[in-house]
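Enquirer: Got a structure here, written out as structure tokens. Questions coming.
The values are calculated or read from the model by the stated rules, or taken from the named source; none is laboratory data. None of the values given here were measured: they were computed from a predicted structure. Using ideal geometry, Cβ is built from the backbone for each residue, glycine included, and neighbour counts are taken over all protein chains shown. Each accessible area value is taken on the protein alone, full model and side chains, heavy atoms only, with ligands, DNA and RNA left out. Shrake-Rupley method; radii C 1.70, N 1.55, O 1.52, S 1.80 Å.
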Amino acid sequence: MKRVKGAEEGSNSSTSKSPPESRKKVRKQVSEESEAVVPGESPDCEWARLPQELLLHIFQYLPLLDRAYASQVCRRWNQAFHMPELWRCFEFELNQPASSYLKATHPDLIKQIIKRHSNHLQYVSFKVDSSTESAEAACDILSQLVNCSLKTLGLISTARPSFMEVPKSHFISALTVVFVNSKSLSSLKIDDTPVDDPSLKVLVANNSDTLKLLKMSSCPHVSPAGILCVADQCHGLRELALNYHLLSDELLLALSSEKHVHLEHLRIDVVSENPGQHFHTIKKSSWDAMVRHSPKFNLVMYFFLYEEEFGPFFNEEIPVTHLYFGRSVSKEVLGRVGLHCPRLVELVVCANGLRPLDEELIRIAKHCTQLSAIGLGECEVSCSAFVEFVKMCGRRLSQLSIMEEVLIPDHKYSLDEIHWEVSKHLGRVWFPDMMPTW
């Protein structure tokens, strides 16, 4: 204890005997630190001194209105608010307060964006509600983007397709402004819009070298010739989504040409507007050419047909990988799926009826050797057949979504026993899905 005390006394005495020059340096350092501290703030929390890169990163996570409020804090934050990097990616939310509970982008902010940042916009989307007024407001904004060169554009209707209610000439005029001024458009999502063939020609004339993704399902004013023009000229197209009435043998052959890059994703919506609608047939040779050119491409097909309309489908081999039936589908059609869809990876059946699908499931497990996900809704399958199906597919079934009402107990398995047997073959714990009781 004496040694410690002596040491402390020694240190105190050495401090008191320090030269005058060192004392001046200490006083100067303390005075500078005290001046740097803003009253009411700690030295560890000096927001005004944040690096510009970090401040920009924080601003990117703020909603637009909060970002605008933050820009009023100080000059540096206001400068960060107007940095071009902050305006490259932007989503306009256009909603009518009387008909939507969603927040909308304030009109004053929209004016400021168009005035000061339109030339900075590159990745833009418009999210509109079901009102025609919101869709027209989106078109008005598009018409003013004359100084920007967009790389991606998405038009999203959150409810019913409100863009279809806008006068066609107004929509086409606004969209053409973007197509003409954007020389490097790579991604375009215009589902449920009145886009037409002439506007697609403008798109191709100005962006054929850069377009990689085009989603245009439910565009009734586009013809097969219009989408064929896109495929013929846009050789870098990798993802395409459209309705079945636009699909043709010529389109598949154009996507399979030597000039065209390998297609990665093709989505086809097969939708019936009226019962008894006629659908054309695609040749097997056209699908074969597509597979030879792009052996790893995903073919996703959504079917919303009545049972009597499936005649042209699944009579020959088709390279579909993801298959969704949104309406009731017959045993016969599912049997054809098992025979003619060897590349099938995912199958979802929302409804079938009251006839068990035992034979059809076994056939699918036998012939669709890449199947890894299946979902069954209002269907019926015996417990024995379902266990056999899982046994044949094995652990490659990464997703198995089966409603409990689908499984019919038999002499071999009860509902209490089946989950143990299925879990054994899957290599993980599995239970059927339960219907909520509320």
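Conditions (1) surrounded by 12 or more Cβ atoms within 10 Å (Cβ to Cβ); (2) touching a strand residue (DSSP E or B) at 6+ places or on another chain (Cβ under 9 Å); (3) farther than 15 Å from residue 372 by Cα, marked per residue:
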| position | (1), (2), (3) |
| --- | --- |
| 393 | yes, yes, no |
| 398 | no, yes, no |
| 402 | yes, yes, no |
| 407 | yes, yes, yes |
| 412 | yes, yes, yes |
| 418 | yes, yes, yes |
| 423 | yes, no, yes |
| 426 | yes, yes, no |
| 433 | yes, yes, yes |
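Enquirer: Here is a follow-up. Can you name every residue in segment 46-66 that is part of a helix (DSSP H, G or I) and within 25 Å of the chain's Cα centre (by Cα)?
Expert: 57, 58, 59, 60, 64, 65
Enquirer: Related question: Can you name every residue in segment 296-342 that is more than 18 Å from residue 283 (Cα to Cα) and in contact with a Pro (Cβ under 6 Å, 6 or more places away or on another chain)?
Expert: Within segment 296-342, just 306 meets the criteria.
Enquirer: May I pose another question? Give the residue, chosen from 325, 389, 313, that is buried (at least 21 other Cβ atoms within 10 Å of the Cβ), at pLDDT 95 or above, among the aromatic types (Phe, Trp, Tyr) and part of a helix (DSSP H, G or I).
Expert: 389
Enquirer: Within the group 235, 278, which residue is over 22 Å from residue 187 (Cα atoms) and assigned to a loop (DSSP other than H, G, I, E, B)?
Expert: The match here is 278.
Enquirer: Considering only segment 238-259, how many residues are part of a loop (DSSP other than H, G, I, E, B) and either touching a helix residue (DSSP H, G or I) at 6+ places or on another chain (Cβ under 7 Å) or open to solvent by 10 Å² or more (accessible area, probe 1.4 Å) (or both)?
Expert: Keep residues of segment 238-259 that are part of a loop (DSSP other than H, G, I, E, B), which gives 238, 247-248, 256-259.
Okay, now just the ones that are also either touching a helix residue (DSSP H, G or I) at 6+ places or on another chain (Cβ under 7 Å) or open to solvent by 10 Å² or more (accessible area, probe 1.4 Å) (or both), so 238, 248, 256-259.
Looking only at that region, the number is 6.
Enquirer: Assigned to a strand (DSSP E or B), of a type outside the set (D, E, K, R) and surrounded by 17 or more Cβ atoms within 10 Å (Cβ to Cβ): which single residue out of 371, 334, 376 fits that description? Show your work before the answer.
Expert: On the way: 371 fails: assigned to a strand (DSSP E or B); 334 fails: assigned to a strand (DSSP E or B).
Checking each option against the conditions leaves just 376.
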